[in-house]
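There's a structure below that I have some questions on.
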Amino acid sequence: MELTLSNPSIPLNVLTTVVLGQLQSKVQLVNGPTTSLKVDDSTKLTGDVNVTRYLIRSNNLLNEQQSVNQREASLVDALLLKDASIAADLVKQRQHSFLVSDNASLVDYLAWSVLSGTLQEQEYVAAVQATQVIQDTIALQQKAISDAANAANATPAVSIPGCDPTTNPLDIFRIRIATQLSSVTNIDPATIYRAIDIPRQLDHGDFALALPRLRVKGNPAQLAKEWAAAFVPVDDYILEATPIGPFLNYRINTRLLIKHTLELASARVEAFGANASGAGKKAIVEFSSPNIAKPFHAGHLRSTIIGSFIRNVYAANGWDVIAMNYLGDWGKQYGLLAIGYSRHGCEQKLLEDPIKHLYDVYVQINRDAEDEPTIHDEARAYFKKMEDGDESALALWRRFRDLSIVKYQEVYGRLNIEFDVYSGESQVGKGMEEAMAMLESTGLLQESQGAKVIDLEKYKLGVSVVQKSDGTTLYITRDIGAAKERYERYKFDKMIYVVAAQQDLHLKQLFKTLELMGFDWADRVEHVNFGMVQGMSTRKGTVVFLEDILDEAQEVMHDQMRKNEAKYAEIPEPLRVADEIGISGVKIQDNAARRVKNYAFDRNRMFSFEGDTGPYIQYAHARLCSIERKSGLKVNLDADTNLLTEEGALNIMRTVAQYPDLVKSLMNAYEPCNVVTYALNLSHDISAVFDTLWVRGTEPAVADARLLMYWCARVTLGNAMRLLGLRPLERM
């Protein structure tokens, strides 16, 4: 016989009859949503009362036909109502140590099953519990609970690419849906898994399967009805399948969703959301790449924070990532800068702020060149000396470069940006020479008015000049050489150039050239573009320095903080905190829209902290930290998560559970705005319950559960913030 025991409330009345009838070796115990007994292929009883009655009668535990047993039979009927007050009254009315005699019998065991979870008639309950039958019943109950827990935590033994229940709580449910439906339809579980989504309207279900995505023959709406009818719960995870048109919607056990989400988030902490899908793969992300002697302005911010974000995304998906800053440190502009420095340079200003001073020199020499066009000829001649290896020319250039990198590193540190490699156009040597030789040998180079070009017209990519008539190289020449050197050194599986959309044609020409040169890794390079910050020009001197923006943001936020003197006094390093809040405002505003969109540079937009902003996200995180501090409790990882019954708690945990999905999806489009939206949604969920789901002043068990929930929400919000390059604040 197969006895299915409902979980989590295993029916003790059934177990006592199993033990009393000595059926432990004859009954196979399994876990399921409802209690049932399958006697054979034609006989199945459902419900613990029906199962108990059957076991009593079939095993002659009580002969109800004998008149001497009529009182005991009536007691069985009353006790199977499972009403504690009725059972307590029967115990009070007894005339013996037990219900019908001085020895415990079937009715006492049934009475114990009703009263054992209450505080009623404790002396009687203890006496019954001391009997061997009940001791064996308790042992059987513990075994059933343990087996149920093991079965519940065991995921189906099927491997689906991209599915990882050990890191993603939603996959615990999706893999069950996929394997169950596969057993009914013979469709590959991986195909089903990829088609499972979270519906926008949760009143339709917790998961939705769009049948047209499965590409099976037949009417999707009719198939949805047939497959829903064939659904049978195999455990306590997936409770229901409902057809709605061509969709098959699934309802899950949200109690288990909360439990597993808290378990994974608390076990993985800052690794929660990350996965190992890219293990063993290497990526190079080239980003920021400012031109030396030109300012680090708000336009550079876009490449810098988007590139850092992509680096973080790849790392979170298990890749080995090299963050590379490919400085614009070569070209005719450095000849122009050298000529300008000889006229307008100041040693003291150069040491104080090299980027600012070199920028001022660059603007001034361009103004001079408007009246003296021969300055450009001098600049070209100077750069030719640099390319020819003239040491005096290179010494000045190296000084400009080294001083600029030191200053850049200060700004990057402030922005929470790190690079593994500082490279530059000037560093490309042997690779460029070898690339030029390959271009010659493959017949890709053509002569055009003394210059060497690659004709890409048939690919609708125009003509690419790789060497000027005077022998000097251009961007694409050095980019080809750099790509070749990087592959030879790093053997990358992916190389990403984070460069503005203005350079789309240049990157397309580069990638097509690499392909035509026969490099088998040419399909591993990718251009991630973004819209421009409009309203700036370096030559006219109207550019706004990024440091000025950050300083102003810091000042604005510091002024806001000082308005609350009591809180301000509690904050250590208030200027650092103000700086972080200001930087958060700048970054979140810049990342609020799709990266391909242009936007006009606007201080008011940058410094607007109303509504969905960086400071709002920082405040949500700091407030969660405050709950932990003020609770006076330590986070209890073994808290009873079944006590998180409120809708607001479920909303928070649903959002937390979706974070691993978000991290995985970011590999498809590299959109920081998706993480911004997620962080704001989680902040809203948290804010919605601050005034109702208190930790202090509640029962200890409830306080523990809520504190664990808030702690895991804080961990997840912090992970999302770090993905965006923010430093989560604990006080503000």
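Every read-out reported here was derived from the displayed coordinates using simple, explicitly stated rules and does not represent laboratory data. The structure presented is a predicted model; accordingly, all values stated were derived computationally and were not measured. Note that we place each Cβ from the backbone using ideal geometry, even for glycine, and neighbour counts take in every protein chain shown.
Quick one: grab Rg to one decimal and Dmax as a whole number for segment 73-120, Cα atoms only, in Å.
Both quantities, over Cα of segment 73-120: 9.6, 26 Å.
With θ set to phi - 60°, apply the Karplus curve 6.51 cos²θ - 1.76 cosθ + 1.60 along segment 247-258 and write out the HN-Hα couplings as whole Hz, x wherever there is a Gly or Pro.
10, 10, 9, 10, 9, 10, 7, 5, 4, 6, 4, 4
Pairs of alpha-carbon atoms within less than 8 angstrom and 6+ residues apart define the contacts here; what relative contact order does segment 202-270 have, in percent?
The normalised contact order for segment 202-270 reaches 35 percent.
Quote the Stokes-Einstein diffusion coefficient, in whole µm² s⁻¹, for segment 2-153, based on the Kirkwood radius over alpha carbon pairs, a temperature of 4 °C and a viscosity of 1.567 mPa s.
Rounded to a whole number, D works out at 82 µm²/s.
For a quick check: with amide H placed at 1.01 Å from N, whose amide H comes under 5 Å from Ser423's, ignoring anything fewer than 5 positions away on the same chain?
Result for Ser423 returns Asn325, Tyr326, Leu327.
Follow-up question, since we're still on this one. Using alpha-carbon pairs under 8 Å, 6+ residues apart, how would you state the relative contact order of the chain in percent?
Relative contact order, the chain: 11 percent.
Measure nothing fancy, just the Cα-based angle from helix 659-669's long axis to the longest principal axis of the chain, in degrees from 0 to 90, nearest 10.
40
Cα axis of helix 374-387 to longest principal axis of the chain: angle in degrees, 0 to 90, nearest 10?
With rounding to tens, the tilt is 60 degrees.
Could you list the GluC sites (Glu not before Pro) in segment 570-676 that lie in coil according to DSSP, counting only those with at most 14 other Cβ atoms within 10 Å of their Cβ?
Glu610, Glu646
Test of understanding: extend the Cα→C-beta vector of Lys92 to 7 Å, then name every residue of segment 40-79 with backbone N under 19 Å from that spot.
Zone members listed by number: 75, 78-79.
Something else now. For Ser58 and Lys385, compute 0.36 nm times the residue count separating them, minus their Cα-Cα distance, and round to one decimal in nm.
Fully extending the segment from Ser58 to Lys385 adds 107.3 nm.
So which of Lys259/Lys664; Lys282/Lys458; Lys143/Lys259; Lys282/Lys597 end up more than 24 Å apart, counting from Cα to Cα?
From the list (Lys259/Lys664; Lys282/Lys458; Lys143/Lys259; Lys282/Lys597), the Cα-Cα distance tops 24 Å for Lys282/Lys458; Lys282/Lys597.
What does the extension gain come out to for Glu370 and Asp548, with contour length at 0.36 nm per residue minus their alpha carbon separation?
Gain in length upon complete extension: 61.2 nm.
Of the trypsin sites (Lys or Arg not before Pro) in segment 623-732, which ones lie in a loop per DSSP and count no more than 10 other C-beta atoms within 10 Å?
The qualifying sites are Lys634.
Same structure again: For segment 169-252, what mean projected area does the convex hull of the alpha carbons give, in nm²?
4.9
Taking each pair of different alpha-carbon atoms in segment 129-275 once, compute 1/r for the pair, average those values, and report the inverse of that mean as the Kirkwood hydrodynamic radius in Å to one decimal.
16.9
Taking Cα atoms of the chain, Rg/Rh with Kirkwood Rh, to two decimals?
1.14
Can you give the extra length, in nm with one decimal, that the chain gains between Ser85 and Ala279 once fully stretched, where that is 0.36 nm per residue apart less the Cα-Cα distance?
Taking 0.36 nm per residue and subtracting the Cα distance, the gain is 63.8 nm.
Quote the relative contact order of segment 373-470 in percent (integer), defining contacts as alpha-carbon pairs under 8 Å separated by 6+ residues.
Value for segment 373-470: 11 percent.
Calculate, for Gln409 and Ile198, the FRET efficiency according to 1/(1 + (r/R0)^6) with r their C-beta to C-beta distance and R0 45 Å; round to the nearest 0.05.
0.60
A further question follows. Helix 106-115 versus the longest principal axis of the chain: what is the Cα-based angle in degrees, 0 to 90, to the nearest 10?
Here the helix axis deviates by roughly 40 degrees.
For every helix of n ≥ 4 consecutive DSSP H residues, a contribution of -39,500 (n - 2.57) applies; sum these over the chain, divide by its total residues, and give [θ] at 222 nm rounded to the nearest 500 deg cm²/dmol.
Taking each H run of at least 4 residues, the total per residue is -17000 deg cm²/dmol.
Check which residues have an amide H placed less than 5 Å from Asn249's amide H, if you skip close sequence neighbours.
Sorted by chain and number, the residues that satisfy this are Leu209, Thr242, Ile244.
Note down the Stokes-Einstein diffusion coefficient of segment 397-440 in µm²/s, whole number, using a Kirkwood radius over alpha carbon pairs, 20 °C, and 1.002 mPa s.
Diffusion coefficient, whole number: 169 µm²/s.
Show log10 I(q)/I(0) for segment 546-723 at q = 0.16 Å⁻¹, two decimals, from a solvent-free Debye sum over equal Cα scatterers.
Per q value, in the given order, log10 I(q)/I(0) is -1.04.
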